[in-house]
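The values are calculated or read from the model by the stated rules, or taken from the named source; none is laboratory data. None of the values given here were measured: they were computed from a predicted structure. Note that we place each Cβ from the backbone using ideal geometry, even for glycine, and neighbour counts take in every protein chain shown. The protein model used for the area step is the full one, side chains on, heavy atoms only, and it has no ligands, DNA or RNA in it. Shrake-Rupley method; radii C 1.70, N 1.55, O 1.52, S 1.80 Å.
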Amino acid sequence: MPFDFKRLARGSALSSIIDPVVLFDALPNKATGYGYLRAGQKTPLDAWRDRRNERDLVIKTNTGGGKTIAGLLILQACIHEGVAPALYLTPDPHLAKQVLGESAKLGLTTVDDPENGKFLSGEAICVTTMQKLINGKSRFGIAGAAGRQPLPIQAIVVDDAHAALALAEKQSYLRIPSDHPAFPALLDMFDSDLHQQKPSALLDIRKGDPTATPLRVPFWAWYDKHDQVLEILHGYRSDSVFEWSWPLVSDILPWCQATIGAEEIEIIPLCPPIEKFPSFAEAKRRIYLTATLADDSVLVTHFNADASVAASIVPVSAADLGDRLILAPQELNPAIAHEVIRATARALADDHNVVVLVPSHRQADLWKSEASATVSASAEIGGIVERLKMGHVGLVVIVNRYDGIDLPDDACRVLIIDGLPQAYSLTERREAAALRDSEAMVTRQLQRLEQGMGRGVRSRDDRCAVILLGARLTQLVSRADVSDRLSPATKAQLNLSRRVASNLEGTTINNLEAVIRQVVDGDPGFREISREALVGVTYGPALLSPTAVHLRRAYDASISGRLEESCDHANKAVEAALEAGDERLAGWLGETLSTYLHPVDAVQAQHALAAANKRNPAVLRPQSGLSYQRVNASNAQSKLTCEYLRQHYADGQHLLLGIRAVLDDLVWDNERTDATEEALASLASLLGIKSQRPERDFGRGSDVLWALGEGKYAVIEAKSGATGAMIWKKEINQLAGSVNWCKNEYGAEKTVIPLMMHPTNIVERSGTPPPGTRILNGEKLEALKTAVLAYATALAHQDAYLNQEKIAEQLSQHKLLAGDIINTYSVAAKRQP
């Protein structure tokens, strides 16, 4: 009979170790290959040991830095210290499964059931997803809910925290589809309030038009009628649509915002209601594991983390990050077309795994011929990631997923990011339109971009070529101030990439492909300069938006009934945005301030909203409306053009990128209608024509107005999301209404040209086009874009855009003068025979 060594073991010795580094060395059942901690793992664990009593603590690691092991060791050390139960949260089941596998290799006891006795007694770590915690039927318990006491969690690790918080936010959204009985009831209740904001958009919503602009229910109407809203919705609380989110919003309806679209009504709290989950909100220790992203503001607004999270635990250096070259082909050579890049990517995919991240199914369709697989659902993405890790797949397109994916080594040698992420929820679409090109949105887009670029390099020995496509994305990374908003390692690699790019300007696609192959094949020269670029790169404190803490405090005060305190914090958020020089953000936050002010002083709330509207016309309009401001037309088109281009572009290259970005938004896409309207207005400015968006800015008039000079105006209705075989009667009637509005505002003697952007110029038989109606159809839109691109290319050459005479020549050459442009690039409307 073998000797039983276990009976001599002192089990209490292991359970008394509270230093995670010492604990790792003492674990008796680690798998082969887990003999020691790497420096990148040991350093953050040592730092945590000395700061373990801080309630909110961020640990940043380089990709492939072993953050899962660190998180598990921290929780086990907490258990030994008596700070238990201990919970490990991941963004999705796929990552949770990986964590469970890692814990088994360490020899740690873990469970995946939050009601498991071993977890509750502090004998095991529970590994589960954020979605299991944050929902209206949470097994962890909800504050104030009958029948279940919240589980008293003491220590929590949130893995991939930025991805997890995005999921947590979505869990509190109450979405009521248009075919649910509550939808028409709410729409009728707020009909007059919505009509006051945008009557045209309200008509589109009632017609079920998927391109309808989302409308926020004015905060004063929502607050004053929230008891009636509760009465309508309460009866549906057990419906499948309601059961997962209703418990989270039902008693804070006054502090929610409701946004209505053609397909649903969206009701969301002004901040994610993390206070509803005492298991998280009252935990003694909350540790957030993140990549080395620069901005942690959302941890404060979404998880109610303390502002001290800015003092995060960071890697000693970036030297153990993998090798990455970041190239934007269309910046190097604007003549390289998208289809040429797709063909090159397909050729690269014959030998290597190529992963393409796209923001929408529409963009994914462009890759249909080249793709080996296209995935969008979480389960599909998890499956294809495993296939990529196992071997060669080819070219894989992933739709609207920029985080939470690990593609190490041969799983991804070429990563292509084809366009910026798009907003999909109604609230996000409103916000994206309001903050377009603001400093806050630029920072947010850069963070999403950095998350995306991190998918393909997961360890020191990894390597990947990153290709950025799309004019707006290319324009974003070409900005001089971009580097300071990225993590130090990404900044260093981007600066290296710019050095490489400076030697590739004007290059052909064949030369570019050769450089990419050098990188993915492990060229020693590239590896050397890549290592040099990261030498001495260290990490400092994270960025924390000065508005973040005040926004969270405003929400917390409001739900506790401290209304004046709430207003004070909301006002400080606006002031912080102004101090940062971000007028658009200040206007957007001014709408939030007005929301909190209304219950305290309804008159002052309207004054605050009027001020917000001046800073950002995309916010709600005050109850009393806004006086229309006429556009003062000018006949000096080339002079206006020169002034505008000088003000907005540093050189010809940036001019070309900027104009390409505008043209990229002139598309037939029902998910980007606001972007298209903005592009039509921006295009006018690029051509020296004064423009306006009256329907957005004043709640009446056309989508876009061009002041052509000499008493001529073009009212433009943009139907870029239209899919019908003809122009319907309601659409042509809308155009007629805009003509009448323009004549009323500017005088019956003015010449008003009715112009509609629509795929076809055939008008439904029962519809009557206003006299002189012109249609910017598909063929003419392409011709216009071609002409504008040629105009931009000519002006970019040797910075000709600085010369007013050369601008005048190009405007005339390409028939872009105010007197020529509409007749040249549109066709006459025709009634159905």
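Using a Förster radius of 30 Å, what is the FRET efficiency between D25 and A307 based on their Cβ-Cβ separation? Nearest 0.05, please. With a Förster radius of 30 Å, E is 0.30. Of the cross-linked pairs K368/K719; K60/K572; K170/K389; K30/K132; K639/K806, which ones have a Cα-Cα span greater than 21 Å in the structure shown? With Cα atoms farther than 21 Å apart: K368/K719; K60/K572; K170/K389; K30/K132. Eigenvalues of the alpha-carbon gyration tensor of the stretch 676-833, scaled by 5 and square-rooted, set the equivalent ellipsoid semi-axes at 28, 18, 13 angstrom, largest first.
Looking only at the chain, where both bridge partners belong to it, what percent of the DSSP beta bridges are antiparallel (to the nearest 5)? It would help to have the intermediate numbers written out before the result.
On the way: 21 of 77 bridges.
Among the beta bridges of the chain, antiparallel pairing accounts for roughly 25 percent.
When the Cα atoms of the stretch 729-768 are aligned to their principal axes, the ranges along those axes come out at 30, 17, 11 Å in descending order.
Considering only Cα atoms, the convex hull volume of the stretch 669-718 works out to 70 Å³ per residue. Rounded to the nearest 10 degrees, the angle from helix 804-813 to the longest Cα principal axis of the chain is 80 degrees. Taken along the Cα-to-beta-carbon direction at a fixed 7 Å, the label points for S372 and A143 span 5.0 nm.
Please compute the length gained on full extension between Y644 and K42, using 0.36 nm multiplied by the number of residues separating them and subtracting their Cα-Cα distance.
Values: separation 602, 0.36 × 602 = 216.72 nm, distance 5.43 nm.
Contour length minus the Cα-Cα distance gives 211.3 nm.
Note that the stretch 562-575 has calculated 3J(HN,Hα) couplings of 8, 6, 5, 5, 4, 4, 4, 5, 5, 5, 5, 5, 4, 4 Hz, one per residue in order, obtained from phi through the Karplus relation 6.51 cos²θ - 1.76 cosθ + 1.60 (θ = phi - 60°); glycine and proline are x. Taking one equal scatterer on every alpha-carbon of the chain, how large is log10 of I(q)/I(0) by Debye at q = 0.08 1/Å? Debye curve over Cα of the chain, log10 I(q)/I(0) at q = 0.08 Å⁻¹: -0.76.
Normalised by 2.2 N^0.38 Å, where N is the number of residues, the C-alpha radius of gyration of the stretch 160-205 stands at 1.64. Which value, in Å² rounded to 10, gives the accessible area of R472 with a 1.4 Å probe and all protein chains present? Result for R472: roughly 60 Å² accessible.
Using Cα pairs under 8 angstrom and six or more residues apart, how large is the relative contact order of the stretch 687-738, in percent?
26 percent
Using only Cα atoms, tell me the angle between helix 67-81 and the longest principal axis of the chain; keep it within 0 to 90° and round to the nearest 10. Roughly 50 degrees between the two axes.
Hey, what angle do you get for helix 637-648 against the long axis of the chain, alpha-carbon based, 0 to 90 degrees rounded to 10? Taking Cα atoms only, the helix is inclined about 10 degrees. Would you calculate, for the chain, the mean residue ellipticity at 222 nm contributed by helices, counting each DSSP H stretch of 4 or more residues as -39,500 (n - 2.57) and dividing by all residues, to the nearest 500? Calculated mean residue ellipticity at 222 nm is -13500 deg cm²/dmol. Placing +1 on the Cβ of every Lys and Arg and -1 on the Cβ of every Asp and Glu, with no other charges, gives the stretch 130-176 a dipole of roughly 300 debye about its Cα centre. Segment Q604..D350, full-extension length gain: 85.0 nm, with 0.36 nm per residue of separation and the alpha-carbon distance subtracted.
Would you mind computing Rg(Cα) / (2.2 N^0.38 Å) for the stretch 515-623, counting N as its residues?
My calculation over the Cα atoms of the stretch 515-623 gives 1.73.
For V397, the shell of other residues with beta-carbons less than 9 Å away shows a net charge of -1, using +1 for Lys and Arg and -1 for Asp and Glu. Sorted largest first, the principal axis extents computed over the alpha-carbon atoms of the stretch 129-281 equal 52, 32, 26 Å. Can you pull the Kirkwood radius for the stretch 291-416, inverse mean 1/r over Cα pairs, to one decimal in Å? When all Cα pairs of the stretch 291-416 are included, the Kirkwood radius is 16.8 Å. Taking every alpha-carbon pair within the stretch 21-154, the share separated by more than 17 Å comes to 61 percent.
Across all Cα atoms of the stretch 747-798, the radius of gyration (one decimal) and Dmax (whole number) stand at 15.8, 53 Å.
Listed by chain and number, the aspartates and glutamates whose C-alpha is less than 12 Å from the C-alpha of K614, apart from same-chain residues fewer than 8 away, are E583, E591, D697. A simple spin-label model places pseudo-atoms 7 Å from Cα toward Cβ; at V316 and K118 they are separated by 3.6 nm. Taking every Cα-Cα distance in the stretch 393-458 and sorting them into 5 Å bins from zero, the calculated P(r) comes out as 3, 15, 24, 22, 15, 10, 8, 3, 0 percent. Converting the Cα gyration tensor eigenvalues of the stretch 377-530 into ellipsoid dimensions via √(5λ) gives semi-axes, longest first, of 26, 22, 14 Å. Relative contact order of the stretch 381-517: 27 percent, from C-alpha pairs under 8 Å at least 6 residues apart in sequence. Between Y34 and S178, the simple spin-label model (points 7 angstrom out along Cα→Cβ) gives 5.3 nm. Rolling a 1.4 Å probe over the protein heavy atoms of the stretch 144-294, with every protein chain left in place, gives an accessible area that is 50 percent carbon and sulfur.
Charges were assigned to the Cβ only: +1 to each Lys and Arg, -1 to each Asp and Glu. The resulting dipole of the chain about its Cα centre is roughly 340 debye. Annotation: for a label point projected 7 angstrom from Cα along Cα→Cβ of D484, residues of the stretch 563-604 with backbone N closer than 17 Å are 577-583. Relative to the current alpha-carbon distance between N740 and A514, full extension at 0.36 nm per residue lengthens the span by 75.4 nm.
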